[in-house]
Amino acid sequence: MIIDLRSDTVTRPTPAMLQAMTQAQVGDDVFGEDPTVNALQDFAAELFGMEAALYCSSGTQTNQIAINVHTRPGDEVICANISHIYLYEGGGVAQNSGVSMRLLEGDRGRITAAQILANINADDAHYPHTTLVSLENTMNKGGGACYSLNELKAIREVCTQKGLKLHCDGARLMNAVVAQGIDPKEFGTIFDTISLCLSKGLGAPVGSVLLGSKDFIYRAHRRRKSLGGGMRQAGFIAAAGLYALQHNVERLTEDHRRAQVIGKALKSCEWVKAIMPIDTNIVIAEMQEGIPSSAAMIALAKAGVKCFTFGNDKIRLVTHLDFDDVQLDQLVAILPSITREKLHAAAAERLPGMY
Ligand SMILES: Cc1ncc(COP(=O)(O)O)c(C=O)c1O
């Protein structure tokens with residue numbers, strides 16, 4: 001059996017989720033007439049105590065729409081240098097919104113209120129106009145790191161004082177909710193807008209919701225249309241998202257527990273130099289010097305375990321709904337068989353489709 005830990009996006013709908021999908025009441029959502037899409041949007045907005053929500057196709061789309069609505073071409077967005085919006089959205093910020101980015105080095109991608117304050121441009125025609133701060137919580141490339149509530153409040157304070165909007169790329173915000181025991185409404189009071197993915201740890205096959213004020217969502221809805229993001233009987237897939245929010249949040253603790261076990265098992269591998277602290281469901285292992293991460297990816301794939309490289313010196317493993325304790329035991333048994341010798345042999349190889 002293949003153990004797939006490349007991402008928490010690889011899950012398939014459970015029978016109960018599929019049943020919710022096939023039984024969904026639907027209508028034309030471009031006309032605002034899909035009752036299931038409306039129910040999902042209302043449920044998500046209510047969960048975070050925000051005024052309104054918009055169902056979109058992906059987390060990239062919700063982030064890109066948010067950045068577009070919050071900014072004007074020529075503005076500057078402050079974010080971490082390892083943010084998804086910067087690294088992994090195809091340069092969409094430049095293409096869709098024409099903004100520049102002020103990239104800050106954070107602690108596992110978590111930037112601080114003091115850093116933000118020090119990087120807001122003066123009101124001088126030489127500089128781009130700083131209008132938006134975008135935080136990622138949890139921080140994917142920071143090993144699923146969670147922001148502390150105190151730091152988020154301090155960042156909110158800076159944004160309010162300086163008239164900046166504050167967006168959250170909350171692709172995995174529910175993992176932070178569960179790991180830190182924070183009421184989602186706390187996040188709703190801190191951020192102007194939140195992008196929440198339904199297709200990651202929550203296990204839906206597709207979709208993200210964008211949360212914000214009524215006025216913001218009105219403008220986001222117009223932008224979604226112009227990006228070709230209006231969907232018709234979208235209730236069939238929105239039903240999966242609604243089911244996920246209603247049934248798959250608490251169980252994220254299981255993913256977090258299993259991630260800890262993987263971290264411990266990896267730590268005792270001779271080819272692993274260090275494990276990043278594990279806050280949620282993402283495990284990042286740093287390779288010993290001289291062993292490329294691609295070698296570990298290949299050797300693990302040969303042993304039936306799929307993971308991703310994160311640069312030349314790290315691999316990432318992500319736990320999720322389709323990874324259970326049986327697979328966990330298998331993985332823990334497999335890891336000691338991955339020796340330095342196997343990695344050196346794998347270092348000479350290339351898997352098709354590797355990047
Ligand atoms: C932190 C973060 N933000 C945004 C996204 C984008 O989500 P999507 O793949 O739905 O576009 C991802 C996807 O992995 C992510 O990890």
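No lab work stands behind these numbers, since they all come straight from the coordinates. For clarity, every value in this text was computed on a predicted model and none was experimentally measured. Neighbour counts are summed over all protein chains in view; Cβ atoms, including those assigned to glycine, are modelled from backbone coordinates with ideal geometry.
Here is how the numbers come out for the structure above:
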item: Stretch gain in nm, segment ASP322-GLN288, where the contour uses 0.36 nm per residue and the Cα spacing is subtracted; result: 9.3 nm
item: Cα-derived Rg to Rh of region 95-137, Kirkwood definition; result: 0.98
item: Paramagnetic reach from TYR88 (point 7 Å along Cα→Cβ, amide N under 12 Å) across region 263-282; result: 282
item: Most mobile listed residue (GLY235, GLY203, GLY311) in the chain, GNM with C-alpha springs under 10 Å; result: GLY311
item: Qualifying aspartates and glutamates (Cα of each under 13 Å from Cα of LYS165; at least 8 residues distant if same chain); result: ASP75, GLU76, GLU157, ASP192
item: Residue of HIS84, HIS344, HIS320 that the Gaussian network model of the chain assigns the largest fluctuation, springs spanning Cα pairs under 10 Å; result: HIS344
item: P(r), alpha carbons of the chain - 20 Å bins starting at zero, rounded %; result: 30, 55, 15, 0
item: Choice from SER226, SER100, SER294 with maximal GNM fluctuation in the chain (Cα, 10 Å cutoff); result: SER226
item: Region 251-347 - Debye-derived log10 I(q)/I(0), Cα point model, q = 0.24 Å⁻¹; result: -1.33
item: Sorted by Cβ neighbour density within 10 Å, fewest at the top, the residues MET174, MET101, MET1, MET139; result: MET1, MET101, MET174, MET139
item: Virtual spin-label span in nm between GLN161 and ARG222, 7 Å along Cα→Cβ; result: 3.4 nm
item: Part-to-part distance (alpha-carbon centres) for region 203-265 and region 92-161, which is given in Å; result: 23 Å
item: Principal axis box of region 26-150, alpha-carbon based, largest edge first, Å; result: 49, 33, 26
item: Per-pair calculated FRET efficiency, R0 = 56 Å: THR189 and ILE2 via Cβ, rounded to 0.05; result: 0.85
item: Cα-Cα over 19 Å, subset of LYS200/LYS306; LYS273/LYS302; LYS141/LYS162; LYS200/LYS302; result: LYS273/LYS302; LYS141/LYS162; LYS200/LYS302
item: Helix-only [θ]222 nm of the chain, DSSP H runs n ≥ 4, -39500 (n - 2.57) each, per residue, nearest 500; result: -12000 deg cm²/dmol
item: Cβ-based charge dipole, the chain, positive-most Cα from ALA347, ALA39, CYS168; result: ALA347
item: Length gained when the stretch VAL10-ASP107 is fully extended (0.36 nm per residue, less Cα-Cα span); result: 32.1 nm
item: Cβ-based net charge around ILE291, under 13 Å, with every Lys or Arg adding one and every Asp or Glu removing one; result: -1
